[in-house]
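Some notes on the structure that comes next.
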2 protein chains.
Amino acid sequence: MPIKSLIRTIPHYPKQGIQFRDITTLLKEPAGFRMVIDAFAQHYATQPIDKIAGIEARGFIIGAALAYKLGVGFVPIRKSGKLPAETIGHDYALEYGADRVEIHTDAIAKGERVLLVDDLIATGGTAEAAAALIHKLGGMVVGCAFVINLPDLGGSKRLADGGFSPFSLCEFEGD
Amino acid sequence: MPIKSLIRTIPHYPKQGIQFRDITTLLKEPAGFRMVIDAFAQHYATQPIDKIAGIEARGFIIGAALAYKLGVGFVPIRKSGKLPAETIGHDYALEYGADRVEIHTDAIAKGERVLLVDDLIATGGTAEAAAALIHKLGGMVVGCAFVINLPDLGGSKRLADGGFSPFSLCEFEGD
């Protein structure tokens, strides 16, 4: 049972022309969810990692389970205004408009090796902003893990060019 | 190292008079995060569970790691308009105003035994609404697990009175 076959495609969501890749059908299957986390754990088995940073909100699901599996701490990267203590933020451009991600200033210590996790890599804007936050705190981004890569949108190339070592479990072309 | 000592209190957040209990300081410590998940796993070791439903967004972190540990599927319960496929929703009252949680209609099958997970139980309004969604789909709520209970706000009693078996790892009084 390949991971990709458990991902549901929802046509024209959230808007006309977008094929939304929905991982909830994968997560609700015990074997599917386990396969995702175990595949990441195996990929990073020999890589020293101090913390996993998960990007709100689906990155929390994958990132937290993987942090537990690897025996490391978990750090949330959230949309603007959601974290209660002192934060730093990073603004980034969207196709129309802008967005911002934030992290607690005490989330990562200087020199810590951080694995960034989200469900999907599209244009890479959010992941790049999240990586910038980790750098600002003195952390090292040792990799970026995604369940799904949409290679046509260029995000994985952008992250690779930036030295952020993207890795994904499956790809959907034509997005 | 008790779990409670790793939880940070932020005075007057998000508004005057509220003591916010911040679990990010607990999650980022490998031993703390592991202790939380292992304590839940031990508590529910003899309880048959088919799925874990996590409430957005901190419930995703705890719920997903626990689902992985228990070898069951994970289902997200989200705020209004966030889930891509067909949903049902439940509206509930807040101190000022109203809110709504939603779940995919195919998230839970009739007769499935579901453990509801969130980081904190205060008045219990969100958890009760989430439990109602699980019931509407024909699932059974076998328990509600929280890292933190604020007993003075009455939510744990409300859930217990409703037959939803609340369980928490620590309490803060005077909230």
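Some notes on this structure:
- Across the identical copies, the 7 Å label point of B:A85, projected outward along Cα→Cβ, sits 3.8 nm from its counterparts, in ascending order.
- Loop-resident trypsin sites (Lys or Arg not before Pro) (DSSP state other than H, G, I, E or B) in region B:1-81 with no more than 11 further Cβ atoms inside 10 Å of their Cβ: B:K15.
- In the protein assembly as shown, the DSSP-assigned H stretches of four residues or longer account for a calculated mean residue ellipticity at 222 nm of -8500 deg cm²/dmol, using -39500 (n - 2.57) per stretch and the full residue count as denominator.
- Prolate/oblate/rounded label for region A:88-135 (Cα gyration tensor, a/c 1.5): oblate
- Magnitude of the charge dipole for the protein assembly as shown, about its Cα centre and with charges confined to Cβ atoms of Lys, Arg (+1) and Asp, Glu (-1), is about 320 debye.
- Rounded Å value of the spacing that divides the Cα centres of region A:1-43 and region A:73-146: 22
- Computed as a quarter of the hull surface, the mean projected area of the alpha carbon convex hull for the protein assembly as shown stands at 17.0 nm².
- Among A:I148, A:I103, A:I88, residue whose mean-square fluctuation peaks in a GNM of chain A (springs only between Cα atoms under 10 Å): A:I88
- When only the Cβ of Lys, Arg, Asp and Glu is charged (+1, +1, -1, -1), the dipole of region A:46-171 relative to its Cα centre reaches about 280 debye.
- Farthest positive-ward along the protein assembly as shown dipole, Cα basis, beta-carbon charges - from A:L133, B:C170, B:Y92: B:C170
- With Cα atoms as the point set, region B:46-171 shows a radius of gyration and Dmax of 13.3, 40 Å.
- Within the straight-line cut-off of under 13 Å between alpha carbons, the aspartates and glutamates reachable from A:K79 are A:E56, A:D91, A:D99, A:E102, sequence neighbours fewer than 8 places apart in one chain being disregarded.
- Considering only B:I52, B:I23, B:G73, and ranking their Cα positions along the charge dipole of chain B that arises from unit charges at the beta-carbon of Lys, Arg, Asp and Glu, the one farthest toward the positive end is B:G73.
- Take every Cα pair under 8 Å whose residues are at least 6 apart in sequence, average their separation, divide by the length of chain A, and the relative contact order is 17 percent.
- Bridge orientation summary for the protein assembly as shown: considering DSSP beta bridges with both residues in this region, about 35 percent are antiparallel.
- Inter-copy label distances at B:I18, using a point 7 Å along Cα-to-Cβ, come to 2.8 nm with the shortest given first.
Laboratory data are not the source of any read-out in this text; all were calculated from the coordinates shown. All of these numbers come straight from a predicted model, not from anything done at the bench. For neighbour counting, all protein chains shown are included, and Cβ atoms are generated from backbone atoms with ideal geometry for every residue, glycine included.
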